[in-house]
Amino acid sequence: MVNQRTAHWKILSRFYLLCLPFGIVFTVIFSAFALPFLLAFGTTLFLYWQFTRFVTNSVVKHYMPETYDQMQKVGCDPFYNSLGAPLNFDSDGVRIFGSEPNANCPLCFQLMLLEEGTTGVCGNCGSTVSFIGKRVELVSLM
Ligand SMILES: [Zn+2]
């Protein structure tokens, strides 16, 4: 499927690429200790990344537990979803649904992700919606 959520390893790789110039400059400055410095630099970046992710996810889990549970249920990571360009270029729809939404609720126009030939429940108004024959129709109200 097109426009899937960006993989976590790609976002982390972009972070390393952004920090690479600093690593190169400091490696040149401390050239006598280049290898240990590069290892320490890479490890520090990784630990910083994991610490920031832990704090972000903990804050979301503490202050918005229902939202956190819903995000976990759909495979959404609050930290990676909070990152913007140039680390994460995903659209809002991809961040929420995991891929680009393909339908709107006929009642409240909430964006939805439905597979052809299935029914789904609107996350906003709770009405049941069917997506059959390229048409989105209201099946029942909440
Ligand atoms: Zn709706």
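The values are calculated or read from the model by the stated rules, or taken from the named source; none is laboratory data. Treat the numbers as computed from the prediction; the structure is a model and nothing was measured. We place every Cβ from the backbone using ideal geometry, glycine too, and count neighbours over all the protein chains shown.
Couple of notes before you dig in:
- Among the residues of the stretch 78-109, just one is modelled with pLDDT of 85 or more, of a type in the set (Phe, Trp, Tyr) and farther than 23 Å from residue 52 by Cβ, namely 109.
- Odd one out for residue 46 among (1) within 19 Å of the chain's Cα centre (by Cα); (2) surrounded by 17 or more Cβ atoms within 10 Å (Cβ to Cβ): (2)
- Residue 22 at pLDDT below 95 and surrounded by 13 or more Cβ atoms within 10 Å (Cβ to Cβ): no
- Residues of the stretch 71-119 satisfying the condition of being charged (D, E, K, R) and within 16 Å of residue 130 (Cβ to Cβ): 115, 116
- Residue selected from the stretch 89-127 under the condition within 12 Å of residue 137 (Cα to Cα) and in contact (Cβ under 8 Å) with a residue 24 or more places away in the chain, by the criterion surrounded by the most Cβ atoms within 10 Å (Cβ to Cβ): 105
- Members of the stretch 85-112 found to be part of a loop (DSSP other than H, G, I, E, B) and within 16 Å of the ligand (Cβ to nearest atom), listed by number: 101, 102, 105, 106, 107, 108, 109, 110
- Conditions (1) away from the ligand (no atom under 15 Å from the Cβ); (2) part of a loop (DSSP other than H, G, I, E, B): number failed by residue 81: (2)
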